[in-house]
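Notes follow the structure.
The values are calculated or read from the model by the stated rules, or taken from the named source; none is laboratory data. Computed from a predicted structure; not experimentally measured. Cβ placement follows ideal geometry from the backbone for every residue including glycine, while neighbour counts extend to all protein chains displayed. Side chains included, ligands, DNA and RNA excluded: accessible areas come from the protein's heavy atoms. Shrake-Rupley method; radii C 1.70, N 1.55, O 1.52, S 1.80 Å.
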Amino acid sequence: MMSQTQETDILVIGSGAAGLTLALRVADFCKVTVLSKSDLREGATFYAQGGIAAVLDETDSIESHINDTLNAGVGLCNPQVVEHIVSRGSEVVTWLLQQGVPFTTKTSREENNNLKSINHEELGSLHLTQEGGHSHRRIIHATDATGKAVFETLREQAINHPSIELIEECMAVDLITLQLSNGKRKCSGLYVFNKRTRNVEIIAAKFVALATGGASKTYLYTSNPDGASGDGIAMAWRAGCRIANMEFNQFHPTCLYHPHAKSFLISEALRGEGAMLELSDGTRFMSKFDKRGELAPRDIVARAIDHEMKRLGCDCVYLNITHREPSFVTGHFPNIYERCLKFGIDITKDRIPVVPAAHYTCGGVLINEKGETDIDNLYAIGETSCSGLHGANRMASNSLLECFVVAFGAASSISERINSVGFSESLPVWDESKVTNSDDEVLVSHNWDEIRRLMWNFVGIVRSTKRLEVADRRIKALREEIRDYYRKNRVTNDNLELRNIALVAELIITCALQRNESRGLHYIVDYPKTQEEIKDTLLVPPSFFQT
Ligand code: FAD
Ligand code: SIN
């Protein structure tokens, strides 16, 4: 349990792939504290299905993975960052195997259709699957529950490391930053809401890393777990970091459409293994939209489904893998098979009803390849950040890869600097003198629902200037109400998340209004063409100080 004020060398906010990797990479030379606002596993990482993109096959090449990433990102990726991250794929997979991640191997596939995940040292022995936008089979996976295998392995390593402390149910509220004599700011710690004691505490740290995941909960329908409220992006903005490319929120084409199936994803790997998208009468439609059919990049497939659903006024389309051998389907996709069966859908015999849902935040806190932000001693890694890898549309399975590579970079940056950075002397206390306990929680729940519906209806897969302007006016009014509520009431998990999704929603709308073209995930009917000029959308917060 946390004391009122504690000190740690490195404070990592988030226990997903990015946070746990950074913790493990620095723990041999300093003390690390990892926070999670709920259960440790409640991040997107645990739910990741398809896998991790890496070039391991001799017929594949780094150039090909780079080109696919650049094509999917529609001109907006940073080519140096793409090369930096993509070329480290085999280093990442080697490290994960050393940690003990039980990836699926070719042998288990050939010898036994009922795929079994086993430990293996040989990169060449790993089974590779296929996903949209990739021109080769290059997705390393642990059947269809890759994230669970990665998370459980890294968590086990972290639990057993004497220098790592893992703390659950503690929610970061705001970064503590101090002004330096050169005009820049440095991060020195964090205000943390301890959900068990209901107190706000201070953690002083030499370095703080935001590894808080994405912001897809800003939308009504999402594949993401409940905590994906963009807290890291919101905290970084308030502290003075620039935020980039928030208009590019990715919609995954295929989430299960069922009244009781909250947030369940049907992996793109099904399409990689031959699943077809169909209308209710069995007609396939993807070839009308892209020659790559079902394996076109996600922005194209999600928009095609949205188009067909609106054209026909139907509630969903269907994913059909019934032509594959039942043992192949259950062997490759045991988790999806079991989950669908619980809803009465036998995917070996029945088509799967699917709809697009908000899935991934391509924009975020602006960072370099080492995860360094605009604020000294503050890092951002994983989905909360914008490294330049994804551009206007992330390619499948590049996200986990980015989490690992940038965490490696952040760890080496910290190792070079650890001996020259100390604790700050006095950190400003948390002032609760003007707040009381709320007796009007309905204001929080109402605004939460309103924002997410507003974003879904007005800032979704297909946008228009008129709808974005309505959303902009409404979000500004809502933010004013939320700020007023926050000033008067004690913090809770819900009002903190509401404050963050409201801010992130405004950042998404602002970015979307600034981009007068359609590119990748940002499709706007008033500007259907992609411009020749390529530029990031960079938002500069009021507190940003340019040296
Ligand atoms: P997360 O794993 O989301 O972890 C965020 C952490 O931050 C959590 O521990 C959370 O509790 C903590 N946190 C957040 N806010 C606070 C706060 N205020 N205070 C304290 N703690 C906080 N990508 C791929 O590359 N391959 C895939 O196969 C794949 N499949 C996916 C399937 C699903 C269903 C989903 C939702 C995503 C998938 N993705 C996939 C995307 C990928 O999983 C995520 O981008 C990646 O896992 C993000 O990792 P992360 O470490 O940045 O954040
Ligand atoms: C999936 O398995 O379809 C998700 C992969 C990803 O988001 O990268």
Whole-Hz ³J(HN,Hα) from phi, Karplus 6.51 cos²θ - 1.76 cosθ + 1.60, for region 431-439, glycine and proline x: 9, 10, 5, 10, 10, 10, 6, 6, 10
Kindly write out, for region 244-250 in residue order, the coupling ³J(HN,Hα) from the Karplus curve 6.51 cos²θ - 1.76 cosθ + 1.60 (θ = phi - 60°), rounded to whole Hz, with x marking Gly and Pro. 10, 6, 6, 5, 8, 8, 7
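Can you list which of the chymotrypsin sites (Phe, Trp or Tyr not before Pro) found in region 291-345 are DSSP loop residues with at most 16 other C-beta atoms within 10 Å? Numbers along the way, then the final one.
Numbers: sites: TYR318, PHE328, TYR337, PHE343; in loops: PHE343.
In loop regions of region 291-345 (DSSP not H, G, I, E or B), the sparsely surrounded chymotrypsin sites (Phe, Trp or Tyr not before Pro) are PHE343.
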Rounded to the nearest 10 degrees, what's the angle between the helix 493-514 long axis and the longest principal axis of the chain, both from Cα atoms, 0 to 90? 70 degrees
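Starting from the Cα-Cα distance between ASP494 and ASN194, subtract it from 0.36 nm times their residue separation and give me the gain in nm to one decimal. Could you put the intermediate results ahead of the total?
Numbers: separation 300, 0.36 × 300 = 108.00 nm, distance 1.32 nm.
Net length gain for the segment: 106.7 nm.
What is the calculated FRET efficiency for ARG417 to SER181, with r their C-beta to C-beta distance and R₀ = 22 Å, to the nearest 0.05? Mind dumping the intermediate values first?
On the way: r = 18 Å, r/R0 = 0.83.
Rounded to the nearest 0.05, the efficiency is 0.75.
If you filter region 444-547 for trypsin sites (Lys or Arg not before Pro), then keep DSSP loop positions with at most 15 other Cβ within 10 Å, what is left? Can you show the working numbers first?
Values: sites: ARG452, ARG453, ARG463, LYS466, ARG467, ARG473, ARG474, LYS476, ARG479, ARG483, ARG487, LYS488, ARG490, ARG499, ARG515, ARG519, LYS529, LYS535; in loops: ARG490, ARG515, LYS529, LYS535.
Passing both the DSSP loop test and the Cβ count: ARG490, LYS529, LYS535.
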Checking the a/c ratio against 1.5 first, then a/b against b/c, what shape does the Cα gyration tensor give for region 353-497? oblate
Partner aspartates and glutamates whose C-alpha sits under 17 Å from that of LYS37, ignoring same-chain residues fewer than 8 away, are GLU165, GLU168, GLU169, ASP174, GLU201, ASP226, ASP231, GLU383, ASP494, GLU497
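Using a 1.4 Å probe over the heavy atoms of the protein chains, calculate the carbon and sulfur portion of the accessible area of the chain as a whole percent. Don't skip to the answer; put the middle values down first.
Numbers: 10040 of 21280 Å².
C and S fraction of accessible area: 47 percent.
Highest mean first, how do 435-444, 258-267 rank when packing is the count of other Cβ atoms within 10 Å averaged over residues?
The densest-packed peptide leads the list: 258-267, 435-444.
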Label model pair HIS446, SER87: point-to-point distance (7 angstrom along the Cα→beta-carbon line) in nm is 5.7 nm
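As a test of the formula, what do you get for the chain when each DSSP H run with n ≥ 4 contributes -39,500 (n - 2.57) and the sum is divided by the residue count, at 222 nm and rounded to the nearest 500 deg cm²/dmol?
Numbers: 16 runs with 191 residues, N = 547.
Computed ellipticity for the chain at 222 nm equals -11000 deg cm²/dmol.
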Would you mind checking region 203-246 for residues with the amide N under 20 Å from a putative spin-label position 7 Å along Cα→C-beta of SER426? 203-206
Taking N as the number of residues in region 9-61, what is its alpha-carbon radius of gyration divided by 2.2 N^0.38 Å? 1.48
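Between THR59 and LYS434, what FRET efficiency comes out of the Förster formula 1/(1 + (r/R0)^6) with R0 = 56 Å and r the beta carbon distance, rounded to 0.05?
Working: r = 65 Å, r/R0 = 1.16.
Calculated transfer efficiency: 0.30.
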Near the amide H of SER385, under 5 Å away, which other amide H atoms are found, from residues 5 or more places off or on another chain, if H is placed in the peptide plane? VAL365
Roughly what would the spin-label model give for LYS342 and ARG292, points 7 Å off Cα along C-beta, in nm? 3.2 nm
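Looking at region 41-83, which GluC sites (Glu not before Pro) are in a loop (DSSP not H, G, I, E or B) and have at most 14 other Cβ atoms within 10 Å? Intermediate values should be presented prior to the final figure.
Numbers: sites: GLU42, GLU58, GLU63, GLU83; in loops: GLU42, GLU58.
Filter output for region 41-83: GLU58.
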Evaluate the charge dipole of region 153-213 about its Cα centre and quote only its size in Debye, nearest 20, assuming +1 on the Cβ of each Lys and Arg and -1 on the Cβ of each Asp and Glu. 280 debye
Taking the Kirkwood radius as the inverse of the mean 1/r across Cα pairs, report the Rg/Rh of region 25-172. 1.00
Nonlocal amide H pairs with ARG88, under 5 Å, H built at 1.01 Å: none
Whole-percent pair-distance distribution, where bins are 20 Å wide, for the alpha carbons of the chain: 23, 57, 20, 0
Taking placed amide H atoms and a strict 5 Å upper bound, the residues 5 or more places from LEU126 or on another chain that come that close are LYS106
If you take the square roots of the eigenvalues of the alpha-carbon gyration tensor of region 281-373 and sort them as a ≥ b ≥ c, do you get rounded (a/c under 1.5), prolate (a/b over b/c) or oblate? oblate
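For region 187-321, what is the Kirkwood hydrodynamic radius in Å, using each pair of distinct C-alpha atoms?
Evaluated on region 187-321, it is 18.0 Å.
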Using the Karplus curve 6.51 cos²θ - 1.76 cosθ + 1.60 with θ = phi - 60°, work out ³J(HN,Hα) for each residue of region 343-359 in order, rounded to whole Hz, and write x for Gly and Pro. 9, x, 10, 8, 5, 7, 10, 10, 6, 9, x, 9, 9, x, 8, 4, 10
Accessible surface, per residue, of the chain when the full set of protein chains is kept, probe 1.4 Å, Å²: 39 Å²
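Which FRET efficiency value, to the nearest 0.05, is calculated for GLN80 and SER135 with the Förster distance at 25 angstrom and r the Cβ-Cβ distance?
Values: r = 21 Å, r/R0 = 0.86.
Step by step, r from the Cβ atoms, then E = 0.70.
Of all beta bridges DSSP finds with both residues in the chain, what is the antiparallel percent, to the nearest 5? Intermediate values should be presented prior to the final figure.
Values: 41 of 67 bridges.
Expressed as a percentage, antiparallel bridges in the chain total about 60.
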Spin-label pair LYS349/ASN67, simplified geometry with 7 Å Cα→Cβ offset, distance in nm: 4.5 nm
What is the extension gain from ASN160 to ASN457, computed as 0.36 nm multiplied by their sequence separation minus the C-alpha to C-alpha distance, in nm to one decimal? 102.3 nm
For region 420-547, the Cα gyration tensor yields equivalent-ellipsoid semi-axes (√(5λ), largest first, whole Å) of 33, 23, 10
